[in-house]
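Colleague: The structure is given below, and queries will be raised subsequently.
Bear in mind these aren't lab numbers, they're just calculated from the coordinates by the rules spelled out. Remember, predicted model here, so these are calculated numbers, not experimental data. Cβ: placed from backbone, ideal geometry, glycine included. Neighbour counts: every protein chain shown.
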Amino acid sequence: MSGSFSVFTRELKLAWSGGGGAALPVGFFAAASSITPFAVGNGVENLKIAGPGVMWIALALASLLPMERLFQADLEDGTLDAYAGSGIGMEGIALAKTLAHWIATGIPLAIIAPVLWIMLQGPPEASLFVIVFSLIGSAAFFFFGSIGAALAAGMRRGGLLIALVTLPLYVPTMIFGAAGLYAAASGGEWAAPLMLTGAAALFGVATSSFAAAMALRTAID
């Protein structure tokens, strides 16, 4: 556990060391959501109908952006080999790295989500629900994405493979999360979609580290 915590703190520092951190995913999230009026029109009703779905798709794609370098850099410079020889379980390493990157990137995505929600004509009083859904949904996206990131480690054009592997895993979270945002927008029942989104996130947290660890062992060998 102490070794995994050391990996976590190191990754959390590295996530912001270059000065960029969450800037690219947050910028993509904001830009992708902001162009919605150009596609569906700027009518209030059009934005209310399209906004939650488009916003959730943008969140999923923004969560994919950091995945290509999640394990690739450590594999290239030998850090993963050092971890493997240090006695730290690869499952703990995968969990620590993914959690650190979610904190560094997923939380800023959730913080900016209410601004985009209001811009897309979502009711301001539902902003808290948007933050909660975005936090849970981005956690699911990051942990499922770590599986694709581990499978693509060491491969050329790894970003394409990550998308092919990860996007099908995103489907349940996409369905439940979008349903929750539409319920929040219309004043409907949001508790069931929230619990299902949380269940998808917990499943991702519980299983992704084991799947990623197996892929990383193969990449190291």
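Colleague: How large is ³J(HN,Hα) for each residue in the stretch 171-180, as worked out from phi by the Karplus curve 6.51 cos²θ - 1.76 cosθ + 1.60 (θ = phi - 60°), to whole Hz, x for Gly and Pro?
Modeller: 4, x, 5, 4, 5, 5, x, 5, 4, x
Colleague: Per the Cauchy relation, a quarter of the hull surface: what is the mean projected area of the convex hull of the alpha carbons in the chain, in nm²?
Modeller: Result: a mean projected hull area of 11.8 nm².
Colleague: Using Cα-Cα distances under 8 Å and only pairs 6 or more residues apart, what relative contact order does the chain have, in percent? List each step's numbers first, then the result.
Modeller: Values: 308 pairs, mean separation 58.0, N = 221.
Over the chain, the number comes to 26 percent.
Colleague: Separate question: How large is the charge dipole for the stretch 2-220, taken about the Cα centre, if only the Cβ atoms of Lys, Arg (+1) and Asp, Glu (-1) carry charge, to the nearest 20 debye?
Modeller: I would put it at about 180 debye.
Colleague: Relative to the present Cα-Cα distance, how much length would full extension add between Leu167 and Ser127 at 0.36 nm per residue of separation?
Modeller: Here the answer is 11.8 nm.
Colleague: Restricting to DSSP H runs of at least four residues, report the calculated mean residue ellipticity at 222 nm for the chain, -39500 (n - 2.57) per run over all residues, nearest 500 deg cm²/dmol. All intermediate terms of the calculation are to be shown ahead of the outcome.
Modeller: Values: 11 runs with 176 residues, N = 221.
The per-residue figure over the chain is -26500 deg cm²/dmol.
Colleague: In nm, to one decimal, how far is the Ala23 label point from the Thr218 one, both placed 7 Å along Cα→Cβ?
Modeller: Modelled inter-label distance: 3.6 nm.
Colleague: In the Gaussian network model of the chain, springs joining C-alpha atoms below 10 Å, which of Ile35, Ile147, Ile107 carries the largest mean-square fluctuation?
Modeller: Ile35
Colleague: If I take R0 = 45 Å and measure r between the Cβ atoms of Trp16 and Glu45 in this structure, what FRET efficiency does the formula 1/(1 + (r/R0)^6) give, to the nearest 0.05?
Modeller: Plugging the Cβ-Cβ distance into 1/(1 + (r/R0)^6) gives 0.65.
Colleague: Would you grab the residues whose amide H sits under 5 Å from the one on Met155? Only those 5+ places off in sequence or on another chain, please, with H modelled 1.01 Å from N.
Modeller: Amide H to amide H, under 5 Å and 5 or more residues apart or across chains, Met155 pairs with nothing.
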